[in-house]
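Colleague: After the structure tokens below, expect a handful of questions from me.
Please treat every number below as a calculation from the coordinates, not as lab data. These numbers were taken from a predicted model, which means no experiment stands behind them. Cβ: placed from backbone, ideal geometry, glycine included. Neighbour counts: every protein chain shown.
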Amino acid sequence: MKAEIYNIKGEKAGTAELPERIFGVAWKPALVKQVYEGEMANKRRPWAHTKTRGEVRGGGIKPWRQKGTGRARHGSIRSPLWVGGGVSHGPRNERNYQVKINKKMRRGALLSLLSRKLKDKEVVVLDDFRLSSSKTKEAFGVFKNLRHSAKIYNIGIKGGRVLAALPARPAGGPKKAGIERPLHNLPFVNYIEPRNLNIAELLNNKYLVLDQSSIKELEKTYAV
């Protein structure tokens with residue numbers, strides 16, 4: 001599969017051959033939905049917690065005698081029937097929301113979504129994403145060039161959120177730590193390493209930006 005390559009000026013710089021086993025997988029929306037919901041469930045933490053009548057403070061004495069008052073009998077003011085008492089059947093922080101996601105399921109959903117994004121022209125391939133300085137203005141200029149020169153009109157702005165999947169240490173090159181901070185400073189751009197791609201990040205961002213070293217890392221990560 002072929003895709004056009006752009007440089008950081010937004011100009012066409014040739015074509016790239018994308019691996020068929022990664023970007024040529026059939027679209028499986030049910031699998032993508034299942035894995036996405038599993039990822040969201042695994043991130044969930046049971047913050048909501050109510051106290052039972054045995055955990056609420058006070059209520060150690062019977063509020064009034066059993067008989068002879070004409071009122072209903074009660075043994076504790078911490079009964080769920082009383083204001084300030086315990087809660088029956090409320091949420092507890094012992095609940096476990098974890099869901100098992102099989103490796104084949106996660107892999108299949110991710111490759112299916114990558115293939116769909118490529119088909120929808122939401123994958124942008126650069127020859128090499130390098131910045132001369134670790135400046136947010138320069139990183140913003142890359143997406144500005146893509147909007148004006150490459151005619152990807154809403155990339156990097158509202159309505160066109162970007163997930164930049166770029167390796168931290170490209171083979172034979174300097175560490176790309178200089179691109180992480182400026183990319184994080186842009187409000188509609190997120191940074192991630194290709195080996196850490198996940199369904200939630202891909203769905204929450206419209207465009208996926210890769211460079212040629214990213215494709216090599218994806219091939220290495222998902223080698224058959």
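Colleague: Classify the range 1-49: rounded, prolate or oblate, from the alpha-carbon gyration tensor (a ≥ b ≥ c, eigenvalue square roots; a/c under 1.5 rounded; otherwise prolate if a/b is larger than b/c)?
Modeller: Oblate.
Colleague: Answer rounded, prolate or oblate for the range 176-216, using the Cα gyration tensor with square roots of eigenvalues a ≥ b ≥ c: rounded when a/c is under 1.5, else prolate when a/b is larger than b/c, else oblate.
Modeller: The shape class here is oblate.
Colleague: Treating only the Cβ of Lys, Arg, Asp and Glu as charged (+1, +1, -1, -1), what charge dipole size does the chain show about its Cα centre? Round to the nearest 20 debye. Mind showing how you got there, number by number?
Modeller: Values: 45 positive and 19 negative charges, 334 e Å.
With only Lys, Arg, Asp and Glu charged at Cβ, the dipole is about 1600 debye.
Colleague: Right, another one. Starting from the Cα-Cα distance between T15 and N93, subtract it from 0.36 nm times their residue separation and give me the gain in nm to one decimal.
Modeller: Length gained between T15 and N93: 22.8 nm.
Colleague: For a 30 Å ceiling on Cα separation, which of these pairs sit above it: K43/K206; K103/K151; K33/K137?
Modeller: Working: K43/K206 22 Å; K103/K151 37 Å; K33/K137 37 Å.
As for pairs spanning more than 30 Å Cα to Cα, those are K103/K151; K33/K137.
Colleague: Angle, helix 136-148 long axis vs. longest principal axis of the chain, Cα atoms, 0 to 90°, nearest 10?
Modeller: 70
Colleague: When 1/r is averaged over all different Cα pairs and the result inverted, which Kirkwood radius in Å belongs to the chain?
Modeller: Across the chain, the inverse of the average 1/r is 21.1 Å.
Colleague: If each DSSP helix of 4+ residues adds -39,500 (n - 2.57) and the sum is divided by the residues in the chain, what number results at 222 nm, nearest 500 deg cm²/dmol? Write out the running numbers ahead of the final one.
Modeller: Numbers: 7 runs with 74 residues, N = 224.
Value at 222 nm, helices only, nearest 500: -10000 deg cm²/dmol.
Colleague: Continuing with this model, one more query. Using the Cα atoms of the range 46-96, I'd like the radius of gyration and the largest Cα-Cα distance, Dmax, both in angstrom.
Modeller: 13.8, 48
Colleague: Can you give me the long-range amide H partners of Y6? Hydrogens built in the peptide plane at 1.01 Å from N, cutoff under 5 Å, separation of 5 or more residues or another chain.
Modeller: When sequence neighbours closer than 5 places are left aside, the close amide H contacts are A13, V125, L126, D127.
Colleague: Within the range 1-92, which trypsin sites (Lys or Arg not before Pro) sit in a loop by DSSP and count at most 14 neighbouring Cβ atoms inside 10 Å?
Modeller: Here the trypsin sites (Lys or Arg not before Pro) that fit, given the DSSP loop and packing criteria, are K9, R44, K51, R57, R65, K67, R71, R73, R92.
Colleague: State the antiparallel share, in %, of DSSP beta bridges confined to the chain, rounding to the nearest 5.
Modeller: Just about 25 percent of them are antiparallel.
Colleague: Now for a different question. Read phi for every residue in the range 92-101 and hand back ³J(HN,Hα) as whole Hz from Karplus 6.51 cos²θ - 1.76 cosθ + 1.60, θ = phi - 60°, with x for Gly and Pro.
Modeller: 10, 7, 7, 5, 10, 9, 4, 10, 7, 10
Colleague: Compare the Cα positions of G60, S88, V125 along the charge dipole of the range 1-150 (+1 at Cβ of Lys, Arg; -1 at Cβ of Asp, Glu; about the Cα centre) and return the one farthest towards the positive end.
Modeller: My answer, from the dipole projection, is G60.
Colleague: Helix 103-119 against the longest principal axis of the chain: what's the angle in degrees, Cα atoms only, rounded to the nearest 10?
Modeller: 50
Colleague: Going by amide H atoms built from the backbone, whose H comes under 5 Å of the H on V209, apart from near neighbours?
Modeller: V124, L163, A164, A165
Colleague: I'd like the chymotrypsin sites (Phe, Trp or Tyr not before Pro) in the range 124-170 restricted to DSSP loop residues with at most 14 other Cβ atoms within 10 Å, sorted by number.
Modeller: Filter output for the range 124-170: Y153.
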